[in-house]
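Take a look at the structure set out below.
Values in this text are rule-based calculations from the coordinates and carry no lab data. Small disclaimer: the values here were computed from a predicted structure and weren't measured. Using ideal geometry, Cβ is built from the backbone for each residue, glycine included, and neighbour counts are taken over all protein chains shown.
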Amino acid sequence: MRFEITAPLLGAAYCHCTRCRRRTGTAASVSGQTAPGSFHVVEGAEEIRRWAPPDGAEKAFCGRCGSALFSRVPGDPPRIGVRLGALDQDPGVRPTHRQYTAYAVSWEPIPDDGLPRFPEARPSDA
Ligand SMILES: [Zn+2]
């Protein structure tokens, strides 16, 4: 499937939560926040598979290749967070913080990149 983003991303962050670890198979996930109304699926919408945990944002994956694509919080407009690794081009933003570091894996140290770390969600995102 393909999607496009028609406005600059508002920001990006790493997430070290257990759910992101499991859904990506990696130590952390990095996602970018889209501006309201700027995210559009342009091809292969029928390939999208979704998982909506009872206590979190819906996660969308490609049913053909398994790639993690985006998260979606219902609303008008919905809040969409894209997985930066799913983008073809430079996202134009850089991750600004790390959240849920209390749940970071034991097998890979968090990089010493100077980014602010939050043991749970970044307070302003709550
Ligand atoms: Zn997470």
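Brief remarks follow.
- Order of 71, 106 under a 10 Å beta carbon neighbour criterion, fewest first: 106, 71
- Dimensions (Å) - the chain, Cα atoms, principal axes, largest first: 38, 28, 27
- Placing a pseudo-label 7 Å from each Cα along the Cα-to-Cβ vector at residue 121 and residue 102 gives an inter-label distance of 1.3 nm.
- Here the chain is assigned +1 on the Cβ of each Lys and Arg and -1 on the Cβ of each Asp and Glu. Its dipole about the Cα centre then comes out at about 320 debye.
- Considering only beta bridges that DSSP places wholly inside the chain, some 85 percent are antiparallel.
- Entry note, the chain: the mean residue ellipticity at 222 nm calculated from DSSP H runs of n ≥ 4, each adding -39500 (n - 2.57), is -1500 deg cm²/dmol after division by the residues and rounding to the nearest 500.
- Counting all C-alpha pairs of the range 1-64, share separated by more than 16 Å (%): 58
- Converting phi to 3J(HN,Hα) with the Karplus coefficients 6.51, -1.76 and 1.60 and the offset θ = phi - 60°, the range 46-60 yields 5, 7, 6, 10, 10, 10, 10, x, x, 10, x, 5, 5, 10, 10 Hz in sequence order, with x at every glycine or proline.
- Highest-fluctuation residue, 97, 40, 16 considered, GNM on the chain with Cα pairs under 10 Å: 40
- Of the trypsin sites (Lys or Arg not before Pro) found in the range 1-90, those in coil by DSSP whose Cβ has at most 16 other Cβ atoms within 10 Å are 64.
- Each Lys or Arg adds one and each Asp or Glu subtracts one; over the other residues with Cβ under 10 Å from the Cβ of residue 81, this totals +4.
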